[in-house]
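Undergrad: Input: one structure, supplied below.
The values are calculated or read from the model by the stated rules, or taken from the named source; none is laboratory data. All figures in this text were calculated on a predicted structure; none of them were measured in a lab. Backbone-built Cβ (ideal geometry, glycine too); neighbour counts: all protein chains shown.
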């Protein structure tokens, strides 16, 4: 099947979210932790780790320190919000699947 821009974008965004959550979990366990160590632990290029860390920092979930990233006090609020969003997305995906299955 030919690649679809619509589905490709969806898959890419989910991969970024999965990577970012993996990074967040490691930061929580290993803090402070730097880009090089995260890159090695996850077998990811440093630029992808850096991007995810920047996103987490903008969300207020991590804080940069001279020793590496650490978890901020906003961490638990972010996790709760993310869980709510994932429940909503799961429900949306089920509805979409049901529509597609009923049309077949």
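Matching residues to (1) more than 27 Å from residue 7 (Cα to Cα); (2) more than 15 Å from the chain's Cα centre (by Cα); (3) modelled with pLDDT under 95:
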{"residue": "22", "(1), (2), (3)": "no, no, no"}
{"residue": "31", "(1), (2), (3)": "yes, yes, no"}
{"residue": "38", "(1), (2), (3)": "yes, no, no"}
{"residue": "43", "(1), (2), (3)": "no, yes, no"}
{"residue": "49", "(1), (2), (3)": "no, no, no"}
{"residue": "54", "(1), (2), (3)": "no, no, no"}
{"residue": "57", "(1), (2), (3)": "yes, no, no"}
{"residue": "74", "(1), (2), (3)": "yes, yes, yes"}
{"residue": "93", "(1), (2), (3)": "no, yes, yes"}
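Undergrad: Collect the residues in the range 38-54 that are assigned to a helix (DSSP H, G or I) and in contact with a helix residue (DSSP H, G or I) (Cβ under 7 Å, 6 or more places away or on another chain), keeping them in residue-number order. Working first, answer last.
TA: The initial filter retains those residues of the range 38-54 that are assigned to a helix (DSSP H, G or I), namely 38-42, 46-54.
Across the range 38-54, the qualifying residues are 38, 39, 41, 42, 46, 48, 49, 50, 52, 53.
Undergrad: Would you mind stating whether residue 75 is touching a strand residue (DSSP E or B) at 6+ places or on another chain (Cβ under 9 Å) and either surrounded by 11 or more Cβ atoms within 10 Å (Cβ to Cβ) or farther than 26 Å from residue 90 by Cβ (or both)? Break it down stepwise before answering.
TA: On the way: touching a strand residue (DSSP E or B) at 6+ places or on another chain (Cβ under 9 Å): yes; either surrounded by 11 or more Cβ atoms within 10 Å (Cβ to Cβ) or farther than 26 Å from residue 90 by Cβ (or both): yes.
The answer is yes for residue 75.
Undergrad: Still on this structure, please answer the following. What number of residues within the range 17-34 are under 12 Å from residue 62 (Cβ atoms), crowded, with 16+ Cβ neighbours inside 10 Å and either without any contact (Cβ under 8 Å) to a residue 24 or more places away in the chain or in contact with a helix residue (DSSP H, G or I) (Cβ under 8 Å, 6 or more places away or on another chain) (or both)?
TA: Summing the residues that are under 12 Å from residue 62 (Cβ atoms), crowded, with 16+ Cβ neighbours inside 10 Å and either without any contact (Cβ under 8 Å) to a residue 24 or more places away in the chain or in contact with a helix residue (DSSP H, G or I) (Cβ under 8 Å, 6 or more places away or on another chain) (or both) in the range 17-34 gives 7.
Undergrad: For residue 14, state whether it is in contact (Cβ under 8 Å) with a residue 12 or more places away in the chain and either under 13 Å from the mean Cα position of the chain (by Cα) or surrounded by 15 or more Cβ atoms within 10 Å (Cβ to Cβ) (or both). Walk me through how you get there before you give the answer.
TA: Values: in contact (Cβ under 8 Å) with a residue 12 or more places away in the chain: no; either under 13 Å from the mean Cα position of the chain (by Cα) or surrounded by 15 or more Cβ atoms within 10 Å (Cβ to Cβ) (or both): yes.
So residue 14 does not fit the description; no.
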